[in-house]
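Visitor: Here you go, one structure.
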Amino acid sequence: MHFRYIIPIYILIFVITTCVNVYAVSDAEIEMLIGSMSVEEKVGQLLMYGIGGREVGPIPKGHITKRFVGGIILYGRNIQTPQQVATLTTELQQLAQETPNGIPLFISIDQEGGIVNRMNKGATVLPGNLALGATRSITLAEKAGEITAIELATVGVNLNFAPVLDVNTNPLNPVIGVRAYGESPQLVSQLGTAYIRGLQKNGVLATAKHFPGHGDTHVDSHKKLPIVTHDLKRVNSVELVPFRAAIEADVAAIMSAHILYPSLDTQYPATLSYKILTTILRRQLGYDGLIITDDLEMQAIDDKYDTGDAAVMAIQAGADIVIVAWTLKKQQRVYNALRQAVKTRKITETRLNESVRRILKKKSACGAFEKPYVQIENPNAINSPLAKIGSAKHRDVAQTIATRAITLVKNTPGTLPLKSEPQEPVLLISPSREFSNTFLKAHTDISNITPVLIPLQINQKLLLPQILLSKPSLIVAGIVNAQQANLVHQISEKTDVPIIVISLRTPYLLGKCPDVACSVAAYDDNHYSVLAAVEVLLGKRAAVGKLPVTIP
């Protein structure tokens, strides 16, 4: 009898005898399942593959039924609406139920909040981690995890690649920035563990990333291999602190970074390093949860290693799951390379079983065996589970986070608050239509406000003279990148007109325009953060946020 037929009987007995709705597969059942699996099925459990499209086509079907892939990662290309995602995940899980042992899938996603979200339309897109850092609120961080988990679980996602636990000590970091909670290891630890609790109490596994730390890099590992040269003392006192806290909080998974840390391993990046993943993470830090690699197709790995070889090295180093997100040929190569490595004993079956055991335990922990897929019979019904997604209650929390994050970095006396009926010309410049529209709607008379929508990439030589010729009495500028910050700085050097600048992304941008009358950090350009920033400008709310990073 296949294991998938045994579990429902145990569930029935368990529910009848304990009246509890959560079912965990026992260790004995897991060992029985491992004993019934072929090598191919075990290898498949180590794989987390990306797929194309918003429906189940022949490629994902082949991954699940022929390569027994244990996990699917969803990206924006797979997502349209919550109902569509629920349908997609259900069909994927139903395919998994048809495999010899009917092992449910991990269905994962990067739903961090802020600038990294895959599910947007219809969902609650929360402000990002740096905004949470500005609130200093453990309660709101846990609430963010809770809301994220509820919305993901409703559509069948059981593993979230969040939170980011990198300590962002480098203002020039090109890939982390607002994705971090801040530059303090203690703050990152407090808010990160709160978020983990919020996720995992609500049925979605959390992933602490990117181990051993991506917060002080000068290059993006998607494009090139970063090298962090800090000594062991520094790494222990800064980078590793949040990961220790996450382990104490029983985080389900930790994602490895494609970064070279010479003080930890002079030869291999963390993802491929036995010293980092096994000696440090497993043995020294005592972690026995899942270790998942970042995508092996990122250039930091792909430039130097064959994808199949990299997958084998990652498992040998101590990883349990490898992500291969994009290319079918590389996905096939990884499966074949791992299967061959087991056959030639480069990866022993004992080592293989260790990872499979961890994977099955975590699938049990999130309830995947009990309820492998969601069933939403009438998505339009008032009491449909989909009604939880993007609900007014969730949106209110998003607005609270955004409002409590707004930080008044600089304020020349007399600049704020602005009048809702300005009597003198006001020039409003921003690349964000959301910001411009929200600013205009907040005024009872906009006859003296001139909005100018500027592009992300600007021609400063053409734009600067036009702005100076308009001769406003006040300039309000929303900025999202360094080019726009430099434009604001050039304006401040060439005119005495007071300028209010609002950073709608990283607050580090405010350091590039120091000679303005007023600086505000909003941390995000979504609706909630923009509205909160405008309300502060007009004196409707106080700015109570505190900078979670130091602005040079």
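The values are calculated or read from the model by the stated rules, or taken from the named source; none is laboratory data. Since the structure is predicted, the reported quantities are computational estimates derived from the model, not experimental observations. A quick note on method: Cβ atoms are made from the backbone with ideal geometry, for glycine too, and the neighbour counts reach across all protein chains shown.
Visitor: Take the residues of region 529-546 that are assigned to a loop (DSSP other than H, G, I, E, B) and in contact with a Pro (Cβ under 6 Å, 6 or more places away or on another chain): which is nearest to residue 483 (Cα to Cα)?
Guide: Ranking the qualifying residues of region 529-546, first place goes to 538.
Visitor: Still on this model: Give the residue that is nearest to residue 34 (Cα to Cα), with candidates limited to residues of region 333-351 that are free of Cβ contacts under 8 Å to residues at least 60 places away in the same chain and in a helix (DSSP H, G or I).
Guide: Among those that are free of Cβ contacts under 8 Å to residues at least 60 places away in the same chain and in a helix (DSSP H, G or I), it is 350.
Visitor: Same structure again: Using the structure shown, decide if residue 266 is out of contact with any Gly (no Cβ under 6 Å at 6 or more places or on another chain), more than 25 Å from residue 359 (Cβ to Cβ) and of a type outside the set (Asp, Glu). Quick ask: steps written out before the conclusion?
Guide: On the way: out of contact with any Gly (no Cβ under 6 Å at 6 or more places or on another chain): yes; more than 25 Å from residue 359 (Cβ to Cβ): yes; of a type outside the set (Asp, Glu): yes.
Here the answer is yes, as residue 266 does meet what is asked.
Visitor: Of all residues in region 485-528, which are assigned to a strand (DSSP E or B), under 22 Å from the mean Cα position of the chain (by Cα) and not hydrophobic (A, V, I, L, M, F, W, C)? Break it down into steps so the answer makes sense when it comes.
Guide: In the first step, residues of region 485-528 are kept if they are assigned to a strand (DSSP E or B); the result is 499-503, 518-521.
Right, trim to under 22 Å from the mean Cα position of the chain (by Cα) and you get 503, 521.
The answer is 503, and nothing else.
Visitor: Does residue 373 fit the bill of being in contact (Cβ under 8 Å) with a residue 60 or more places away in the chain, touching a strand residue (DSSP E or B) at 6+ places or on another chain (Cβ under 8 Å), closer than 22 Å to residue 73 by Cβ and crowded, with 16+ Cβ neighbours inside 10 Å? Write out each step before concluding.
Guide: Working: in contact (Cβ under 8 Å) with a residue 60 or more places away in the chain: yes; touching a strand residue (DSSP E or B) at 6+ places or on another chain (Cβ under 8 Å): no; closer than 22 Å to residue 73 by Cβ: yes; crowded, with 16+ Cβ neighbours inside 10 Å: yes.
Against the criterion (in contact (Cβ under 8 Å) with a residue 60 or more places away in the chain, touching a strand residue (DSSP E or B) at 6+ places or on another chain (Cβ under 8 Å), closer than 22 Å to residue 73 by Cβ and crowded, with 16+ Cβ neighbours inside 10 Å), residue 373 does not qualify.
Visitor: Against the definition (surrounded by 24 or more Cβ atoms within 10 Å (Cβ to Cβ), of a type in the set (A, V, I, L, M, F, W, C) and closer than 21 Å to residue 412 by Cβ), how does residue 517 come out, yes or no? Steps first, answer last, please.
Guide: On the way: surrounded by 24 or more Cβ atoms within 10 Å (Cβ to Cβ): no; of a type in the set (A, V, I, L, M, F, W, C): yes; closer than 21 Å to residue 412 by Cβ: yes.
No; evaluated as a whole, the condition is false for this residue.
Visitor: Right, another one. In the set 308, 286, which member is surrounded by fewer than 16 Cβ atoms within 10 Å (Cβ to Cβ), modelled with pLDDT of 95 or more and not aromatic (Phe, Trp, Tyr)?
Guide: 286
Visitor: Taking the conditions exactly as written (out of contact with any Ser or Thr (no Cβ under 9 Å at 6 or more places or on another chain), in contact (Cβ under 8 Å) with a residue 24 or more places away in the chain, among the hydrophobic types (A, V, I, L, M, F, W, C) and more than 28 Å from residue 251 (Cβ to Cβ)), does residue 360 satisfy them or not?
Guide: For residue 360, the condition - out of contact with any Ser or Thr (no Cβ under 9 Å at 6 or more places or on another chain), in contact (Cβ under 8 Å) with a residue 24 or more places away in the chain, among the hydrophobic types (A, V, I, L, M, F, W, C) and more than 28 Å from residue 251 (Cβ to Cβ) - is not met.
Visitor: Looking at region 123-218, what helices (runs of 4 or more DSSP H) fall wholly within it and have at least 3 residues that are at pLDDT 95 or above, under 29 Å from residue 296 (Cα atoms) and in contact with an Asp or Glu (Cβ under 8 Å, 6 or more places away or on another chain)?
Guide: Working: elements: 129-135, 138-154, 185-200.
Answer list for region 123-218: 185-200.
Visitor: Checking the conditions here, which among 460, 484 is assigned by TED's automatic domain parsing to the domain that holds residue 417 and over 29 Å from residue 134 (Cα atoms)?
Guide: One residue alone meets the criteria, 460.
Visitor: Of the conditions (1) of a type in the set (Asp, Glu); (2) under 22 Å from residue 252 (Cβ atoms); (3) surrounded by fewer than 22 Cβ atoms within 10 Å (Cβ to Cβ), residue 91 fails just one. Which one is it?
Guide: That leaves (2) as the condition not met.
Visitor: A further question follows. Please state which one of 111, 97 is touching a residue at least 12 places away in the same chain (Cβ under 8 Å), surrounded by fewer than 22 Cβ atoms within 10 Å (Cβ to Cβ) and out of contact with any Gly (no Cβ under 7 Å at 6 or more places or on another chain).
Guide: 97
Visitor: Oh, and also: For region 277-309, which residues satisfy the criterion of being closer than 18 Å to residue 42 by Cα and in contact with a strand residue (DSSP E or B) (Cβ under 9 Å, 6 or more places away or on another chain)?
Guide: Listed by number, the residues that qualify are 289, 290, 291, 292, 293.
Visitor: Taking the condition of being more than 20 Å from the chain's Cα centre (by Cα) and touching a residue at least 24 places away in the same chain (Cβ under 8 Å), how many residues in region 376-399 meet it? If you could, list the steps in order and put the result at the bottom.
Guide: First, the residues of region 376-399 that are more than 20 Å from the chain's Cα centre (by Cα): 376-388, 391-393, 396.
If we keep only those that are touching a residue at least 24 places away in the same chain (Cβ under 8 Å) too, we end up with 376, 379, 385-386, 388, 391.
Of the residues in that region, 6 qualify.
Visitor: Let me ask something else about it. How many residues are of a type in the set (S, T, N, Q), loosely packed, with under 11 Cβ neighbours inside 10 Å and in contact (Cβ under 8 Å) with a residue 24 or more places away in the chain if we restrict to region 434-471?
Guide: Number of matching residues: 2.
Visitor: Which of the residues spanning region 440-465 are assigned to a strand (DSSP E or B), closer than 15 Å to residue 479 by Cα and among the hydrophobic types (A, V, I, L, M, F, W, C)?
Guide: 452, 453
Visitor: Right, here's the next one. With 476, 480 as the choices, which residue is within 25 Å of residue 120 (Cβ to Cβ) and touching a residue at least 12 places away in the same chain (Cβ under 8 Å)?
Guide: Unique residue meeting the criteria: 480.
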